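Student: Can you keep this structure in mind? I'll have questions shortly.
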């Protein structure tokens with residue numbers, strides 16, 4: 001089965017529980033179509049480079065999906081209808097990353113630097 005990475009941005013005024021519910025809904029859509037979500041990562045509330053639909057921040061969520069193309073099309077259709085999602089993107093990949101994604105590793109690298117700057 002083809003492998004995909006699906007990232008969506010949720011509105012800034014949602015709570016983390018509501019964002020988790022959006023991710024669970026996406027997982028249910030994929031599993032209803034005989035697909036599988038192997039990993040779900042929430043990257044948290046992050047500043048955007050520019051306003052998107054009057055939002056300066058957004059909750060970022062990554063889903064690693066293994067499903068047929070029709071299931072991904074249905075997921076994108078349902079995501080585009082949802083008013084809580086301001087942007088989404090699905091990319092077909094050759095293989096999923098093992099361990100945390102690049103974004104999560106990036107956050108781990110930045111934290112020690114901030115502490116070093118504060119010491120000086």
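The values are calculated or read from the model by the stated rules, or taken from the named source; none is laboratory data. Worth saying up front: this structure is predicted, and the values here are computed from it rather than measured. Here the Cβ positions follow ideal geometry from the backbone for every residue, glycine too, while neighbour counts run over all protein chains shown.
Student: Looking at segment 83-92, which of its residues are in contact with a helix residue (DSSP H, G or I) (Cβ under 7 Å, 6 or more places away or on another chain) and farther than 12 Å from residue 6 by Cβ?
Tutor: Within segment 83-92, 84 is the sole residue that qualifies.
Student: Scan segment 105-115 and tell me whether some residue there is out of contact with any strand residue (DSSP E or B) (no Cβ under 6 Å at 6 or more places or on another chain) and either part of a loop (DSSP other than H, G, I, E, B) or at pLDDT 80 or above (or both). Talk me through it step by step, then tell me what you get.
Tutor: Our first condition is that a residue be out of contact with any strand residue (DSSP E or B) (no Cβ under 6 Å at 6 or more places or on another chain); within segment 105-115, this holds for 105-115.
Retained after the next criterion (residues that are either part of a loop (DSSP other than H, G, I, E, B) or at pLDDT 80 or above (or both)): none.
Checked segment 105-115: no residue is out of contact with any strand residue (DSSP E or B) (no Cβ under 6 Å at 6 or more places or on another chain) and either part of a loop (DSSP other than H, G, I, E, B) or at pLDDT 80 or above (or both).
Student: Could you tell me how many of the residues in segment 42-75 are touching a helix residue (DSSP H, G or I) at 6+ places or on another chain (Cβ under 7 Å) and either surrounded by 19 or more Cβ atoms within 10 Å (Cβ to Cβ) or touching a residue at least 60 places away in the same chain (Cβ under 8 Å) (or both)?
Tutor: Taking segment 42-75 as the starting set, the residues that turn out to be touching a helix residue (DSSP H, G or I) at 6+ places or on another chain (Cβ under 7 Å) are 42-43, 59, 61, 63, 65, 67, 71, 74-75.
From what is left, the residues that are either surrounded by 19 or more Cβ atoms within 10 Å (Cβ to Cβ) or touching a residue at least 60 places away in the same chain (Cβ under 8 Å) (or both) are 43, 59, 61, 63, 65, 67, 71, 75.
Total satisfying the criteria: 8.
Student: Among the candidates 17, 26, which residue alone is in a helix (DSSP H, G or I), under 16 Å from residue 84 (Cβ atoms) and without any contact (Cβ under 8 Å) to a residue 24 or more places away in the chain?
Tutor: Numbers: 26 fails: without any contact (Cβ under 8 Å) to a residue 24 or more places away in the chain.
Of the residues listed, the single one that is in a helix (DSSP H, G or I), under 16 Å from residue 84 (Cβ atoms) and without any contact (Cβ under 8 Å) to a residue 24 or more places away in the chain is 17.
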